[in-house]
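J.: My questions all concern the structure below.
The values are calculated or read from the model by the stated rules, or taken from the named source; none is laboratory data. Because the structure is predicted, anything quoted here is derived from the model rather than measured. FYI the Cβ positions are ideal-geometry reconstructions off the backbone, even for glycines, and counts take in every protein chain you see. For the accessible areas, the whole protein counts, side chains as well, though only heavy atoms, and no ligand, DNA or RNA atoms are used. Shrake-Rupley method; radii C 1.70, N 1.55, O 1.52, S 1.80 Å.
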Amino acid sequence: MNIVTFTKRVPVTQEEELRITGDGAAVDLSKLPFKVNDWDNYAVEEAVRIVEKVGGSVTAVAMGDAESDEVLRRAIAMGAKDGFLVRIARAIQDPFARAALISNFIKNENVPFDVIFTGVQSEDDQFGSVGGILAALLKLPYSSMVIGIDKVESDHMVIRRELEGGLQERVRISLPCILSIQSGINEPRYVSIMGIRKASKVERKVFQGNAYEAGVGAMIDTVKWVYPPRKKGAMMLSGELDEVCKNLVGILKEKGVYQ
Amino acid sequence: MSYALVVAEVRRGVFEERNLDSFGLSSLLGKEIVLVVPDGPYSFNERLADTIVKVKAGEEVFLNPLNLVDIIEQVMNGRGKPDCIVFTHSSSGMESAPYVAGTFGLPVVTDVSAINKDEGVFYKSYYSDKIFGEFKCTGQGPWVLTVRSGSFKDAAAEKADAAKVEYIEGVAASDKRVFLEYVEEEKTEIDITKAEFLLSVGRGVGNKDEIPTYEELAGMLKATLSGSRPVIDKMWLPKPRQVGTSGKTVKPKVYLAMGISGAFQHIAGMKDSDCIIAINKDAGAPIFQYAHFGVIADMHKVRDKLKDMLKS
Ligand SMILES: Cc1cc2nc3c(=O)[nH]c(=O)nc-3n(C[C@H](O)[C@H](O)[C@H](O)COP(=O)(O)OP(=O)(O)OC[C@H]3O[C@@H](n4cnc5c(N)ncnc54)[C@H](O)[C@@H]3O)c2cc1C
Ligand SMILES: Nc1ncnc2c1ncn2[C@@H]1O[C@H](COP(=O)(O)O)[C@@H](O)[C@H]1O
């Protein structure tokens, strides 16, 4: 089983105040640390586990600037055989354009695969779209939100998709296919700095993204960044921790959940 | 004709309530609404659509993106292209919309939660709601959109006339992807939907070893411990304790969220709680927009202080 798995480098924004610059032209990410997209980490792990069981190999692919090599090394440290970096000068916002470029890359370079994994979504843009568009462009069956792979055969898989409220559906899908992997499908292995250092000895192939731009036009014209609309918001409890906690307990008593 | 094609989300005989957001967005855009839905005993307000196209296929066939592209093709046949094709931003819409966009070569924007009709722009969330992206809809349509649940439902408007009903007689169901069965979640003793007081921890809890200390705090407060998705994904708490769209929808008297940022999939599962208290060290965490009370602090320090106070 040859599995191609996509892995994207994303900024860590959870604890950061994000600033918009240039009158909406950009979001300042210059001071942020970066990491692997959480969903892609699960996808790489799932790919490696399948190959460990049934044989074959995992190829990790990242599209981005030279720094994206970092997530490829990480994937190799987890068990991927090799890593391809499709270099692009700047991030492509439109998921259609991104998927179209990836589709050209896969076709032009004859990248062999039985299955392609993506994550359910990128943490930064949250489009959740690249896998589905790519499947349509490559004319392959697709399933998103895969939370379990129950059976792997040479010509099909039996998977579980996550629906709402804890419900799942079991689906049979023919190979080759594209699956988007949901977080929680497995417990990704720990990757040590040593492991990543060792992985950097494995050669990563670099491809120039502009070679795959035929027919890749962005479908979304203008992007401007704005701060989200503010709601009424919370009443903030401030002061010394002591006082804050007293207030908290007071609220719990008033609401009748604590005596 | 200028119309919005609304693709219904139905699941196990239920016409999902979040379809109202698709109607609402289409109404705001001032479009005639063509609804496509499997033919079955679904109950919904048929007055919200101008035309209802009923597809003679089971819902599992309908919900399969490989079949849906054929269905949409049939709806467009004779009628012409819509201005937009609208899906719910859910397990089915998130799956089908990109596949439909890819198949027909259409622009797609997912998780749309606001529009400015006069300027012709859509807004979608980036970075877990810290920033919104604004998209001008000037490109060649139809636009494929998925709509965030709760964003537009109030704008869903009844039409003056009863909807016209049409039928699609059949679909060539793909054999490359086939529905087998539903798998239910295991039942457990603790049902977080019944709790009056939930203490809910998110990724901010840091690591597994901290979980017992929050169990302890929950015990002292007579609260039930629940969590956001990352905590369940990491198996620090069992799946039935997950709050959110893919977990449980809860409505306790008090929902005390510690180290949870407030992604919409989480908010959707707890926003109707009587009282929401959020503790987060990031003053810009979106959860403070939904909470009644907020504390900007390190959750561990609050935990320790609360424990000290409750002991004495
Ligand atoms: C299809 C789909 C379904 C999903 N379903 C669900 C669902 O059902 N439920 C759900 O919860 N999510 C769900 N998600 C995931 C959701 O999008 C978010 O990724 C998730 O809710 C984030 O969880 P979090 O807030 O705990 O983590 P993060 O977003 O990482 O936030 C952690 C927060 O903790 C704060 N923090 C860190 N350290 C401390 C500290 N010491 N003290 C105080 N605060 C601290 C940070 O400032 C941050 O705000 C779903 C996603 C998808 C795509
Ligand atoms: N620049 C990229 N490099 C590698 N993979 C990507 C990239 N963009 C998107 N993907 C893959 O597509 C998935 C969905 O992305 P998105 O549609 O942007 O939410 C991600 O989880 C990745 O697996």
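J.: To test your reading of the geometry: what angle, between 0 and 90 degrees and rounded to tens, separates the Cα axis of helix A:241-254 from the longest principal axis of chain A?
T.: On a 0 to 90 degree scale, this one is about 80.
J.: Given a 10 angstrom Cα cut-off, can you work out which residue in B:ASP39, B:ASP118, B:ASP21 is the most mobile in a GNM of chain B?
T.: Fluctuation is largest for B:ASP118.
J.: For a quick check: with amide H placed at 1.01 Å from N, whose amide H comes under 5 Å from A:GLY128's, ignoring anything fewer than 5 positions away on the same chain?
T.: For A:GLY128, the qualifying residues are A:SER122.
J.: Something else about it: Apply 1/(1 + (r/R0)^6) to the Cβ-Cβ distance of B:ALA162 and B:ASP191, taking R0 = 51 Å, and write down the FRET efficiency to the nearest 0.05.
T.: Calculated transfer efficiency: 0.75.
J.: Provide the per residue accessible area, probe 1.4 Å, for the stretch B:192-311, rounded to a whole number of square angstrom.
T.: I get 36 Å² per residue for the stretch B:192-311.
J.: Give the average, rounded to an integer, of partner chain Cβ atoms located within 10 angstrom of each Cβ in B:149-162.
T.: Mean partner-chain Cβ count within 10 Å for B:149-162: 0.
J.: Taking the highest mean first, how do the peptides B:211-222, A:126-137 order by number of other beta carbon atoms within 10 angstrom per residue?
T.: The packing order, highest mean first, is A:126-137, B:211-222.
J.: Per DSSP H run of n ≥ 4, the term is -39500 (n - 2.57); total these for the protein assembly as shown, divide by its residue number, and report the mean residue ellipticity at 222 nm rounded to 500 deg cm²/dmol.
T.: -7500 deg cm²/dmol
J.: Using the alpha-carbon centroid of each, what span in Å lies between the stretch B:163-198 and the stretch B:20-40?
T.: 21
J.: Follow-up question, since we're still on this one. Shielding of A:144-152 by partners, i.e. mean partner chain Cβ atoms within 10 Å per residue?
T.: 2
J.: Something else now. What number comes out for the charge environment of B:PHE87, summing +1 per Lys or Arg and -1 per Asp or Glu over other residues with Cβ under 14 Å away?
T.: Net of charged neighbours comes to -1.
J.: Also, I was wondering about something else. Whole-Hz Karplus ³J(HN,Hα) for the stretch B:20-25, in order, using 6.51 cos²θ - 1.76 cosθ + 1.60 and θ = phi - 60°, x for Gly and Pro?
T.: Rounded to whole hertz, the list is 4, 5, 5, 4, x, 4.
J.: Also, quick follow-up: Using DSSP, restrict attention to beta bridges with both residues in the stretch B:107-264 and report what percent are antiparallel, rounded to the nearest 5.
T.: 40
J.: For the stretch A:1-63, rounded, prolate or oblate, judged on the Cα gyration tensor with a ≥ b ≥ c (square roots of eigenvalues), a/c < 1.5 rounded, else prolate if a/b > b/c?
T.: prolate
J.: Then there is this: Please work out the FRET efficiency for the pair A:SER154 and B:ALA172, using the Cβ-Cβ distance as r and a Förster radius of 25 Å; give the result to the nearest 0.05.
T.: Efficiency computed from Cβ-Cβ geometry: 0.45.
J.: Treating the angle as unsigned and between 0 and 90°, give the value, to the nearest 10°, between the Cα long axis of helix B:65-76 and the longest Cα principal axis of chain B.
T.: It is inclined by approximately 40 degrees.
J.: Could you provide, to the nearest whole Å², the per residue accessible area of the stretch B:115-169 with probe 1.4 Å?
T.: With the other protein chains kept in place, the stretch B:115-169 gives 47 Å² per residue.
J.: What shape does the stretch A:2-212 take by its C-alpha gyration tensor, where a ≥ b ≥ c are the square roots of the eigenvalues and a/c under 1.5 counts as rounded, a/b above b/c as prolate, and the rest as oblate?
T.: Rounded is the answer for the stretch A:2-212, as its axis ratio a/c remains below 1.5.
J.: How many angstrom separate the Cα center of the stretch B:204-218 from the Cα center of the stretch A:51-126?
T.: 36
J.: Total accessible area buried between chains A and B, 1.4 Å probe, in Å² to the nearest 100?
T.: That pair of chains buries around 7500 Å² in total.
J.: Then there's this: Filter the trypsin sites (Lys or Arg not before Pro) in the stretch A:185-216 down to the DSSP loop ones having no more than 13 other Cβ atoms within 10 Å, then list what survives.
T.: Sparse-neighbourhood loop trypsin sites (Lys or Arg not before Pro): A:LYS201.
J.: Separate question: So what's Rg/Rh here for the stretch A:114-259, counting alpha carbon atoms and using the Kirkwood radius for Rh?
T.: On the Cα set of the stretch A:114-259, Rg over Rh gives 1.14.
J.: Given H placed 1.01 Å from N in the peptide plane, which residues other than close sequence neighbours of B:ALA57 have an amide H under 5 Å from its amide H?
T.: Amide H neighbours of B:ALA57: B:ASP39.
J.: Would you mind computing, in nm to one decimal, how far apart the modelled labels at A:ARG90 and A:MET235 are, each placed 7 Å from Cα along Cα→Cβ?
T.: The two pseudo-label positions are separated by 4.6 nm.
J.: On the accessible surface of the stretch B:3-168, probed at 1.4 Å, how many percent belong to carbon and sulfur atoms?
T.: 43
J.: Just counting partner chain Cβ atoms within 10 Å, what average do the residues of peptide B:105-114 show around their Cβ?
T.: Average per residue, whole number: 5.
J.: Could you list the GluC sites (Glu not before Pro) in the stretch B:166-200 that lie in coil according to DSSP, counting only those with at most 13 other Cβ atoms within 10 Å of their Cβ?
T.: Here the sparse-neighbourhood loop sites are B:GLU169, B:GLU184, B:GLU186, B:GLU189.
J.: When Lys and Arg each count +1 and Asp and Glu each count -1, what net charge do the other residues less than 11 Å away from B:ALA173, Cβ to Cβ, add up to?
T.: Neighbour charge sum, excluding B:ALA173 itself: -1.
J.: Just to confirm the filter: which GluC sites (Glu not before Pro) across the stretch A:19-117 are DSSP coil and have at most 12 other Cβ within 10 angstrom of their Cβ?
T.: Taking the stretch A:19-117 and a limit of 12 other Cβ atoms within 10 Å, no loop GluC sites (Glu not before Pro) are found.
J.: Taking K and R as +1 and D and E as -1, what net charge do the other residues with C-beta under 10 Å from the C-beta of B:ILE232 add up to?
T.: Result for the neighbourhood of B:ILE232: +3.
J.: Name the shape class, rounded, prolate or oblate, that the alpha-carbon gyration tensor gives for chain B, where a ≥ b ≥ c are the square roots of its eigenvalues, rounded holds for a/c under 1.5, and otherwise prolate holds if a/b is larger than b/c and oblate otherwise.
T.: Judged from the Cα gyration tensor, chain B comes out prolate (a/c at least 1.5, a/b above b/c).
J.: Continuing with this model, one more query. Roughly what % of DSSP beta bridges within the stretch A:32-162 run antiparallel, to the nearest 5?
T.: 45
J.: Related question: So for each of B:85-91, B:201-207 I average, over its residues, the number of other beta carbons within 10 Å; can you give me the resulting order with the highest mean first?
T.: B:85-91, B:201-207
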